[in-house]
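The structure under discussion appears below in the form of structure tokens.
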Amino acid sequence: MVIIAGHIVVDPDRRGPYLANCVSVVEQARRAPGCLDFAIAADLVDASRINIFERWESQAAVEAFRGSGPSDEQSAAILTASVAEFDIADVRSLT
């Protein structure tokens, strides 16, 4: 399993439009083979922060979906980013 998690920072005035442009990406990801979960969401405390969380069955599934990454418009809006990819060997359910 692969988890991609972290956050990006955008100008607070551009966060709403940025997230609106991500709706189709989230929909596509959730339909993609191997996607277990995919979320791009506004942070509840920091008006410039957008939280990223993805969970995939495999690295191959991530790479098949990812393609070229964010559009040029999205990349231009990102001021900073702290997102990492984790290879997970074991999972324990908390529910």
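The values are calculated or read from the model by the stated rules, or taken from the named source; none is laboratory data. Owing to the predicted nature of the structure, the values given are computational and were not obtained by experimental measurement. When we count neighbours, we look across all protein chains shown, and the Cβ atoms used for this are built from the backbone with ideal geometry, even at glycine. Note: areas computed on protein heavy atoms with side chains; ligands, DNA, RNA excluded. Shrake-Rupley method; radii C 1.70, N 1.55, O 1.52, S 1.80 Å.
Taking the C-alpha atoms only, the angle from helix 12-31 to the longest principal axis of the chain is near 30 degrees. For the chain, the per residue solvent-accessible surface stands at 65 Å², with DNA, RNA and ligands left out and a 1.4 Å probe.
Would you work out what percent of the accessible area of the chain, with all protein chains in place, is carbon or sulfur (probe 1.4 Å)? That share works out to 53 percent. Distances between placed amide hydrogens fall under 5 Å for HIS7 paired with ILE52, SER82, VAL83, all partners being 5 or more residues away or on another chain.
Dipole magnitude for the chain: about 180 debye, using +1 per Lys or Arg Cβ and -1 per Asp or Glu Cβ, origin at the Cα centre. Only protein heavy atoms count here; under a 1.4 Å probe, THR80 has an accessible surface of about 80 Å².
The trypsin sites (Lys or Arg not before Pro) of the stretch 11-95 meeting both criteria, a DSSP state outside H, G, I, E and B (loop) and at most 10 other C-beta atoms within 10 angstrom of the site's C-beta, are ARG92.
In the chain, Cα pairs under 8 Å separated by at least six residues give a relative contact order of 46 percent.
Only DSSP H runs of four or more residues enter the estimate; each adds -39500 (n - 2.57), and after division by the residues of the chain the mean residue ellipticity at 222 nm equals -11000 deg cm²/dmol.
Between LEU44, ALA32, ALA20, the Cα set farthest toward the positive side of the dipole of the stretch 11-52 (charges on each charged residue's Cβ, about the Cα centre) is that of ALA32.
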